[in-house]
Structure formats: structure tokens, C-alpha cells
Amino acid sequence: MEYFDRFAIPHPSPAIYASMVAIGLTVIAILIGLTYFKKWGYLWREWLTTVDHKKIGILYLISALLMLFRGGVDALMMRAQTAVPDNTLLDAQHYNEVFTTHGVVMIIFMAMPFIYALMNFVVPLQIGARDVAFPRLNALSFWLFFMGAMLFNISFVVGGSPDAGWTSYFPLAGNDFSQSVGTNYYLLSIQIAGIGTLISGINFMTTIFKMRAPGMKLMKMPMFTWTALITNAIVVFAFPVLTVTLLLGTMDRLFGTHIFSMTNGGMDMLWANLFWVWGHPEVYILILPAFGIYSEVVSTFSQRNLYGYKSMVASIVIISFFSFLVWTHHFFTMGQGPLTNSIFSITTMAIAIPTGIKIFNWLLTMRKGKIKFTVPMLYTVGFIPIFTIGGVTGVMLGMASADYQYHNTMFLVAHFHYTIIPGVVFAMLAGLTYWWPKMFGFMLNERIGKWAFWFIMIGFNVTFFPMFFTGLDGQARRMYTYSEATGFGPLNMLSFVGAIGLAIGFAIIVYNVYYSTRYASRDIGTDPWNARTLEWATQTPVQSYNFARTPHVNSIEAFWDHKKKGQPLFKGEIEKIHMPNNSGVPFIMSCIFFVWGFSFVFSMWIPAIITTIAIFACMAHRSFEKDDGHYISVEEIEATEKNSEVLADENR
Amino acid sequence: MKIDNSLPLEYGTEQNKLNILGFWIFLGAEVMLFATLFATYFTLEHRIGNGPAGAEIFELTPVLIETLLLLTSSFTIGLGVHAMRIGKKNAMMTFFAITLLLGLAFLGVEIYEFTHYVHVGAGLQVSAFTGVLLTTLGTHGAHVTVGLFWGLFIILQVKKHGLTPATANKSFIFSLYWHFLDVVWIFIFSFIYLKGMM
Ligand code: HEM
Ligand SMILES: [Cu+2]
């Protein structure tokens, strides 16, 4: 029995026990449901083994939404705890766990998959490709991410949550100060998900470099594809740093090395440095695809081409370069001396310049446009002013000497939420609404969507704007409570009210999905927004092979010019199409990774060794496997294309 | 599958070209991985706590042997790829086999080296320096180990299927990997051992 004691939770509470029961019941309900409706075969064939980039995109999307819910519950608990002074809803330990899991879940397990959801679905379509370069690896990326997320999410019911913050600074995160297995969960689950992300980075870079439709030069790519390319380049260069950082942290915690310790020569600041060498590029990994989405949306709904295409591209590239040169601004106060601080202060402020250029480009795109205020456009227009506040406060934080006042206060919390929420969350909601009809064949209801937008927009500002003030007044971040005498009470209450507004906004989105699924028209054609890029030249729903005939591109907005100027898009005969086969190996291998991670978390060496061998066995299997894919015949394609407008269009 | 005969076999199909580019990008990521390890190593190099310093534990002989073995193996795999390009299947397999044997010998010496470190009191848990030293060397060694299996699988496949676009592609990519490990080793040799011994 003693062996199993390790799985107990160190700080139990009724809420955690209730969650355990809830998780158990949900799992049972899902299993029974699948069996009752005889959906196991369907699930396996259509989803667990799929290598289709569109389905993988949808899998990412579902996971991201689930994680948004989990992170959102964490957020509400935090705001509820701090709503009034001296509150006892959560104790200090639980509060630590909640803000840690909130940060990790939102950044690694919500924002990242959301981005990859849209990149997966959209990028191959935008460049006129059949799939990504390595469909099998793409499935592996997703499942690794998913298993990493699941591993992280069981921590609070098996063994205890991580509690050292999403930044997990050593020595706090070391064995001396974090005695539960929580931080092991942090290290291993992010490691597993991170490897998946790195694979995606390689995959998408190769795809975008090599698989563009004939005629689509780099400078003719749609802006979202540009941002996807650069984002994935940052992934490829930043994620290995994370891999090593997590590896070294794991060595310290599980194998007793002294890399980040306070004794035997270890250096705790090294963790902070390595973490942010990955961490700052990571925030640009999050924001660049968002910029891409806004660029698409703004030009579609202003009904004119994007202003300053070249300067947009240039600023993305410059941002990606600078993103590696600013990491020290996260710990100006931690003793590197005035020279270093000054240098990093300057690079930090410099990054605001290309960002500003982009803002002006969007504004100028709208200037002479005929703007249609659809839901995606509302998010875009809402994003511009509040993201600017985020950027301006970023520059304030970037002044090293002033940062001594702001650092680790609620002011910082307000800053990064003012960048990440309009930057990432709004963009994802805009992108989701925008591409939803391509994904699912119907549109989300605009009226309900607008209600959701206003709740989120107002709720967001009510939640986070007060934090600028409490922060300047000295309210520290990550404190589970404060006394009445501080006077922080009313503004924190206001934040709580705002948070409820946000929650209502998200609930309305869920309702919108339900409502639109039931009532929305399925007869929307292929291009309901009158858009400009190639993904709208496919059928709705998109066929597994995407394009029956490869599009030929000779302008930035090939599809628009095809519609307006009658430029031919699809030439030649339909030929048979080569497609990759489905495979269960990525899923199985990722399941093994889950057990592998779990074994390491609890230092169970025998299963750890067995699963390590099993993982390599999967790779060996892949090496020996002969899998040449399959062909879709011309007759089959013609049959599915018969009622496609695209084809009819051409033969007119 | 369309095969383009104007290009070397390993580049012959669309998928092959994708594989090679993808692998180069992967190597870019690997560069970052080792760069991070090196940066960590340089930061902690002199933080030896109560343990030994590099100069006290490094031994030139095994390190030279390792270097020699790995450099030679990089040469032989080059010969292997050349043999593949001119269609000599058996020569190619022989050179690949020699490469792997050299790699195996490298690994043997490295294992000896590790036991030596533990013996002289420079185990993993002694100091920041020993920890990062062994982690860095270990990461390279683990790459070599994976390479040994991978290379073996490729030889078996070439034996079975001959030199097809698929096997040629795998062999070529494997050679890139192997050369890369050699480059990393040259850095380890110069900036960990030589620098440490000076
Ligand atoms: C004009 C551009 C920006 C500047 C000058 C800037 C500057 C800064 C500075 C100096 C800090 C550290 C402050 C401190 O710890 O005291 C910081 C924190 C942060 N920023 Fe920004 N930032 C910018 C844009 C962004 C964007 C676009 C994002 C994300 C999409 C972002 C996300 C974050 C996060 C997550 C943190 C805090 C992490 C933590 O400590 O937990 N920032 N920013
Ligand atoms: Cu930063």
C-alpha cells in the first residue's frame, strides 16, 4: 500500500474530491456513450488515426476549447478569492496551485493548440496544397500535445498540482521548496507537448517552403501564411531551448544534479535566463499568427487589399529576430547590473516599432474600405485600441529603472493580459468565426456572436483595467489575499465582476455553437464572406484532397482576382490524387508517452524503462513500415466534384 | 510515384525532397539544442563546488581515441553515400557497417570515460559542473546510440529492398545526422576537453 501513497494529494480539499468524482463520472459517461452508440469504430477510423490536416485542426480546436474552459475555471477561482479582502475561499497553497495551472494551461495548452488548430486547417488550403509535408508527423504532433495536456491536467487529482508559477523559477521549484510531484508534472507534460510543437514547427516550415501552389512566390503568400511561416521558424529555434531547460530541471529534481540549486555550484538565475530565452519568443509565437488572422479579416471586411503588404512582412521578420534579444526584461530587478539592463531595455522598446507599423497598416487598410462589422471584424476593431494599451504599458515595463516599481505587481498582470487577450484570444475567436463555415459547413449566428463579443470586450476591460491601478498602488501578483487596510478591495471586486462578464461571454459562444448547429442554414456556398484567399476556392465542406486541381497563382489575392478579373485559377485536367494512409501509430505512441511521463513524474523506474523501449519500438516500426499511401481515382474525384461550384465556374 | 532521374536517387521524388529539407530544419533545431547545452556548460564550467575541476578529471587518451573514431566514421559514411550515388549497393552497405562499428567503439570508450569520472569522484550529483558536463556528453552519446539503431535499420532495409528512392533517401538523411553528430563532437572536443585541460 505504501507504494500507492505517492498518488495521494498533499493538500486535499472538498473541491478537489468533487472534481475527482466529476472526472470519474465524465470518463464513465463517455465510455458508456461511445459503446452505446457504437461509435468506437467511427472514432478510431475518422479521428484517432486520421492524418488529414483539416481533421487534426479540428482536434486541436476541441482540445483548445476544453483547455480554455479549464483555465477559465482557474481564473474565476482566483478572481473570486481576491474579490474581497481576507477571503478564505482558497488557502495560500491552493491559490499557488491555481495560478500556476492557469498560466500553464492558458499558454501551453490553450493558446498553442488554438494557433495550431487554425494553422493546420488553413495553411495548406491557403497555399493550395493537398496536406502538410509530413501528415503522419502532424498526427504525432497533435497526439503528443494532447497527451502532454492530459498528463498536466490529472496532476491536481493524482499526486498534486505544480505550484511554483508558470515560470517555475528555481530554487522555489527545486526539491527543497516544492516537495510534491507537482513540478515533475510541469516538467514532463510540457516536455511531451513541446516535442509535439517542435515537430509541428519543422512540418509547417517545410510545407510552406516547398508545397505552395505553382506561381505563389514567397511575396505572394497570404499574410496568415506568412505569419505561420515565421511563427514556426521561431518555434524551431526557441523550443529546443525549452527542451533543454526542462531536461535540466528534470535532472535536478529526479536525478539530484545541482544545476539550478543553491549548493555545490548551482545557479538559480540560470533557470530564469533559459526559461525566458524560450519564453519571450514564445509570446511572439502566440501573437504573430494572431496578427496574420487580423490581416486576413481586416482586408476581407474592409473589402480591399491589405495596406503595406511588404512592410507587414518586414515587420514580422524583424519582430521574430528581436524576440530572441529581449529576454532579460523579465527580470530587470534580479541583479544583472545597469549595462545589461540598459541594453535589454533598448531592444525591448525597439520591438514596439515594428508592432506599431502593423497597427498603422491595419488602420490604413480600413481607411478607404467599405467596412462590414461582422463578428470577426468586431474582434479586430476591438483589438486595436486595447492591444495598443498593452503595448504602451509594455514599453513602460521595458524601462528598466521604472520596472523596479512595476515588476511583480498587478500592473504587470494587467500588461500581459492586455496583450494576450486581445492579441491571442480575440484573434482566435475572430479566426474561429471567420473560418468556421469552411470547417463545419454553416455559419455561426452573427447576432448571438455580437452579444458574446460585447460581453467579452467589456468584461475584459472591467476585469483587467483596475489592475493597472492596484498594481501601481503596490498590490503584488500571486498573493492569495490582502488586508482591508490596503484599500485594494473595491477594485478587486470590480475585477471579479468583469471576470463574470467574460465568463458569460464565453458561455454565449458555447450557446452560439449549439444554436447555429441546430438552426443555421447549410446552404452557404463556398465563399460566404466574399473573401480573398485560396481556402475559399475549395468546396464546403472541404474534400479530403482539398483541391481537385492544383490552383495556379499569379497575384497576392489570386482568388479575388479570379472572382473579379476572371483570372483562371484551375487549369488542366483532373488527375488521380495521391493521399497518405491513416495510421494508429501516432496515437498509440503518444499514449505510451503519457505513461512514460507519468512514470517519470512518480520516479517509477521499471515502467519508465519499459515505455522508453516501447517508444523506440514505435519508431523502429515506422522505419521498417512500407506505406506508400493510396490514390483517389479520377472518377471518384469527378463524382464528388460534380456539384461543386468551382468546377462549374470554370466551364462556364 | 514519379521519379525524377535527373537528380540523385535520394532527391528523386517530391516526398524525398521534402524529407531532406525537413531534416535540415530538424538539424537547425538540434543546433539550438546543443547550443543551449553549451551555453549552460560555459556558465557552470567553473562552478565546481566541492568537486573536481575539468583539468583534474579529463584524460587526453580516451578523448583522442573517441575523436579519432568519430572523425573516421564521418569519413566512412561519406564514402558510403558516394558508393550509393554510383549505385554500388554492397560497397555502400559495407561502409555504413564500418561507420556503425566505429560509432559503437566510440560509445564503448565513452562509457569507459563515464565510469572513470564516477570513479574519480566526478559523478552526476557532485557539482553543477559535473552535472552539466555529464548531461551534455550524455545527450551527444544518446544521439549516437539512437544513430546506431537507426543506421542498422537502414542497412537492413537496403539489403532487403536494394537502392530505391526510399532507402537512398533514408541513407542520405542518416548521413546528414551522422555528420552533424561529428560536428557537435568537434565542439565538445575543442571547447569542453581542450579548453578544460588548458
Ligand atoms: C510592445 C511590446 C511589448 C513590450 C515592450 C513588452 C514588455 C514586457 C516587459 C518589460 C515585461 C516584464 C515586466 C516585469 O516582469 O516587470 C513583460 C512581461 C510579459 N509580457 Fe510583454 N511586452 C510586449 C508585448 C507583449 C506581447 C505581444 C505579449 C504576448 C502576446 C506579451 C506577454 C507578456 C507576458 C506573458 C509577460 C509576463 C510573464 C510573467 O512574468 O508571468 N508582451 N512584457
Ligand atoms: Cu518578454
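The values are calculated or read from the model by the stated rules, or taken from the named source; none is laboratory data. Remember, predicted model here, so these are calculated numbers, not experimental data. As a convention, Cβ positions derive from the backbone with ideal geometry for all residues, glycine included, and neighbour counts pool all protein chains shown. Keep in mind that these areas ignore ligands, DNA and RNA; they rest on the heavy atoms of the full protein, side chains included. Shrake-Rupley method; radii C 1.70, N 1.55, O 1.52, S 1.80 Å.
Annotations for the structure displayed:
- Excluding exposed DSSP-loop GluC sites (Glu not before Pro) (at most 11 other C-beta within 10 Å), longest clean stretch of chain A: A:1-572
- Based on protein heavy atoms only, chain A ends up with 39 Å² per residue of surface accessible to a 1.4 Å probe.
- Taking amide H as placed 1.01 Å from N in the peptide plane, the amide H of A:Thr409 sits under 5 Å from that of A:Arg477, each at least 5 places away or on another chain.
- Taken over the alpha carbons of region A:162-258 as equal point scatterers, the Debye sum produces base-10 log I(q)/I(0) values at 0.15 Å⁻¹ of -0.66.
- Applied to region A:344-352, the Karplus parametrisation 6.51 cos²θ - 1.76 cosθ + 1.60 on θ = phi - 60° returns per-residue 3J(HN,Hα) values of 6, 5, 5, 4, 4, 5, 4, 5, 5 Hz, with x for Gly and Pro.
- When region B:54-197 is described by a simple charge dipole with +1 on each Lys and Arg Cβ and -1 on each Asp and Glu Cβ, the residue from B:Trp150, B:Ile57, B:Phe114 located farthest towards its positive end is B:Trp150.
- Remark: spin-label model distance B:Glu56-A:Ala80 equals 5.7 nm, labels positioned 7 Å along the Cα→Cβ axis.
- With R₀ fixed at 30 Å, the C-beta to C-beta distance from A:Lys370 to A:Asp561 puts the FRET efficiency at about 0.95.
- A P(r) calculated from all alpha carbon pairs of region A:108-167, with 10 Å bins opening at zero, reads 19, 40, 24, 13, 3 percent.
- Here the 3J(HN,Hα) profile of region B:45-59, calculated from phi with Karplus coefficients 6.51, -1.76 and 1.60 at θ = phi - 60°, is 3, 9, 8, 9, x, 9, x, x, 8, x, 4, 7, 10, 5, 10 Hz, Gly and Pro shown as x.
- Heavy atoms of the protein chains alone define the surface here; on that basis region B:54-197 has 40 Å² accessible area per residue at 1.4 Å probe size.
- The protein assembly as shown, Cα convex hull volume normalised per residue, Å³: 172
- Kirkwood-based Rg to Rh ratio, region A:534-645, C-alpha trace: 1.24
- Mean shadow area of region A:8-162, taken as a quarter of the surface of its Cα convex hull (nm²): 10.8
- Size of electric dipole in chain A: Cβ of Lys, Arg +1 and of Asp, Glu -1, about Cα centre, debye, nearest 20: 1860
- Calculated on the Cα set of region B:1-97, radius of gyration then Dmax: 20.4, 63 Å.
- The mean number of Cβ atoms from other chains found within 10 Å of a Cβ in peptide A:276-283 is 1, as a whole number.
- Normalising by residue count, region B:54-197 has a Cα convex hull of 89 Å³ per residue.
- Centroid-to-centroid separation of region B:121-158 and region A:202-272 [C-alpha atoms, Å]: 21
- Region A:237-346: translational diffusion in µm²/s, Stokes-Einstein, Kirkwood Rh over Cα pairs, 25 °C, 0.890 mPa s: 149
- Along the axis of the charge dipole computed for the protein assembly as shown (Cβ charges of +1 for Lys and Arg, -1 for Asp and Glu, origin at the Cα centre), the listed residues B:Leu27, A:Thr433, A:Met77 are led at the positive end by A:Thr433.
- Compactness of region B:70-149, expressed as Rg and Dmax over alpha-carbon positions, Å: 16.4, 52
- For region A:20-88, projected area of the alpha-carbon convex hull averaged over all directions, nm²: 6.5
- A Förster radius of 51 Å combined with the Cβ-Cβ distance from A:Lys576 to A:Met219 puts the calculated FRET efficiency at roughly 0.95.
- For region A:442-492, projected area of the alpha-carbon convex hull averaged over all directions, nm²: 5.0
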